[in-house]
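Notes for the one structure printed next.
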Amino acid sequence: MSQSQVRSEYQQPVLPPRISTWWWLGKPSYFAFILRELSCVFVAWFVVYLLLLVRAVTQGDASYQEFLAWSATSRIVLVNIVSLLFLIFHTVTFFDAAPRAMVVKVGSNTVPGSMVLAGHYAGWVAVSAVVCWLLLGV
Amino acid sequence: MADRIKLQVARYRPEQESEATFDEYEVPCPKEWVVLDGLNHVKDRMDGTLAYRWSCRMGVCGSCGMMVNGEPKLTCATFLTDYAPGPVRVEPLRNFPVIRDLIVDIGDFMRKLATVKPWIVREQEKPLSEGEYLQTPQELDEYKQYSMCINCMLCYSACPVYGLDPHFIGPAAIALAQRYNLDSRDEGASQRMEVLSAHEGLWGCTFVGECTEVCPKHVDPAGAIQRYKLTAAVETVKAFFMPRGA
């Protein structure tokens, strides 16, 4: 028996809890959680990418064309495709949490979670449509 | 169907060993037997030194939570036949110090639970002559789900955040805080907010969601925490724009 035994507040010797470095591979839900945490990196990348775009636009046509050429390189296209997939995953999982965080009341009735979720997706579609209209004029 | 099943039971006897080991026992496996029945059979007939907690045998007391094949379960509600042909691995709840065999030290949870004041707080009690604090069925529905918590701590065992950061107050404590905050008779929400809005309070939760998955009473602690986060965020914004509480 070890001499450096950990003890409880009542001086009982205890076996302290241990968590493996690889705990997140133990269950699919843990792995999905880690992927969702990782998706924040890609959210940050898109923020940086947007700022670079804005900077390029403000610096004139040549700078903007240079940005477009850089964006068309296979490396950036690949990064953006992976980022888009992670952002969709981030968005879907974030929306899934919404009905559990938001309890919406209409009078004395609680709006069903499915309606709250549908509202989020409707908002997503609406914002995307406005962005498409602004960019493409469609 | 096999009429016997093998239990692999974690043993930790601090006076004998510094690490947990496993002992194997073959127990009967009738269809009505739960894992706890198997452990009671071992204790009564095979090895009286086995130590574990249990009490009600009906999913109410919350004492018999253990890891069964790696999942936090109430052993009184987990049927052996669901694991046939076995073996069934029974371990103490994860994320807690082990005192002996399947018994964990629950002191940390008990201390944290008290900090959220899981009782009805009144600024001033009304005199008995005025009668009970009445409540409508709708007001009861507001918190009833959270009142089903039996403090079994399966949610703490499933929560990797608690495993990684033992200072995190944890799912059940937050769900029980929410239970009282949503009670129309309670006036202690602001007192609880001080504890829960701290760094190791609800913001420690990163919404893994496993607490809700393993909850045997369908309390949905993860939902309670997200709901509380929204409340805390709204209160913070209100305090910023209306510092005098206008």
- Simple spin-label model, 7 Å along Cα-to-Cβ: A:R75 to A:A44 in nm? 2.0 nm
- Query: Restricting the count to DSSP beta bridges whose residues both fall in chain B, what percent are antiparallel, rounded to a multiple of 5?
  - Reply: 85 percent
- Note on the structure: If each K or R counts +1 and each D or E counts -1, the residues other than B:A198 whose Cβ falls under 15 Å of its Cβ total +1
- Evaluate the distance, in nm, between pseudo-label points positioned 7 Å from the Cα of A:D96 and of A:V130 along their respective Cα→Cβ axes. 2.8 nm
- Note on the structure: Per 5 angstrom bin, beginning at 0 and ending with the bin that holds the maximum distance, the Cα pairs of segment B:107-241 fall in percents of 2, 11, 20, 23, 20, 12, 7, 4, 1, 0, 0
- Using a Förster distance of 51 Å, how high is the FRET efficiency between A:E66 and A:T110, based on the Cβ-Cβ distance and rounded to 0.05? 0.45
- If B:Y162, B:Y25 are placed from fewest to most neighbouring beta carbons inside 10 Å, the sequence is B:Y25, B:Y162
- Would you mind ranking A:W124, A:W22 by Cβ crowding within 10 Å, fewest neighbours first? A:W22, A:W124
- For peptide B:92-105, the mean count of other chain Cβ atoms within 10 Å per residue Cβ is 4
- Given the rule -39500 (n - 2.57) for each run of at least 4 DSSP H residues, summed and divided by the residues of chain A, what is its mean residue ellipticity at 222 nm, to the nearest 500 deg cm²/dmol? -24000 deg cm²/dmol
- From Cα coordinates alone, what are the radius of gyration and Dmax values for the protein assembly as shown in angstrom? 26.0, 86
- Note on the structure: Checking segment B:1-108 for GluC sites (Glu not before Pro) in a loop per DSSP with at most 15 other beta-carbon atoms within 10 Å yields B:E15, B:E17, B:E19, B:E32
- Averaged across the residues of B:136-144, what count of C-beta atoms belonging to other chains lies within 10 Å of each residue's C-beta? 1
- Taking chain B as a Gaussian network, where each spring joins two C-alpha atoms under 10 Å apart, which residue of B:S18, B:S147, B:S157 fluctuates the most? B:S18
- Message: Please give me, ordered by residue number, the trypsin sites (Lys or Arg not before Pro) of segment B:64-131 that lie in loop per DSSP and have at most 16 other Cβ atoms within 10 Å.
- Response: B:R122
- Task: Return the distance in nm (one decimal) between the two label points of a simple spin-label model at A:L84 and B:Q124, each offset 7 Å from Cα along Cα→Cβ.
- Result: 6.4 nm
- Note on the structure: Counting only backbone N atoms under 17 Å from a point 7 Å out along Cα-to-Cβ of A:L53, the residues of segment A:79-102 in range are A:79-88
- Most exposed to least, judged by fewest other Cβ atoms within 10 Å, B:H218, B:H167, A:H90 sort to B:H218, B:H167, A:H90
- Message: I want to verify a result. In a Gaussian network model of chain A, Cα cutoff 10 Å, which of these has the top mean-square fluctuation: A:L50, A:L78, A:L15?
- Response: A:L15
- Note on the structure: Mean other chain Cβ within 10 Å across A:14-25 is 5
- Task: Please report the relative contact order for segment B:107-241, taking Cα pairs under 8 Å with a sequence separation of at least 6, and give it as a percent rounded to a whole number.
- Result: 31 percent
- Message: With the cut-off at 29 Å, tell me which of the pairs B:K6/B:K144; A:K27/B:K6; A:K27/B:K238 have Cα atoms farther apart than that.
- Response: B:K6/B:K144; A:K27/B:K238
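Here, each number is a calculation from the coordinates, and none is a lab measurement. What you are looking at is a predicted structure, and each value in this text was computed from that prediction instead of being measured. Cβ atoms come from the backbone with ideal geometry, glycine included; neighbour counts cover every protein chain shown.
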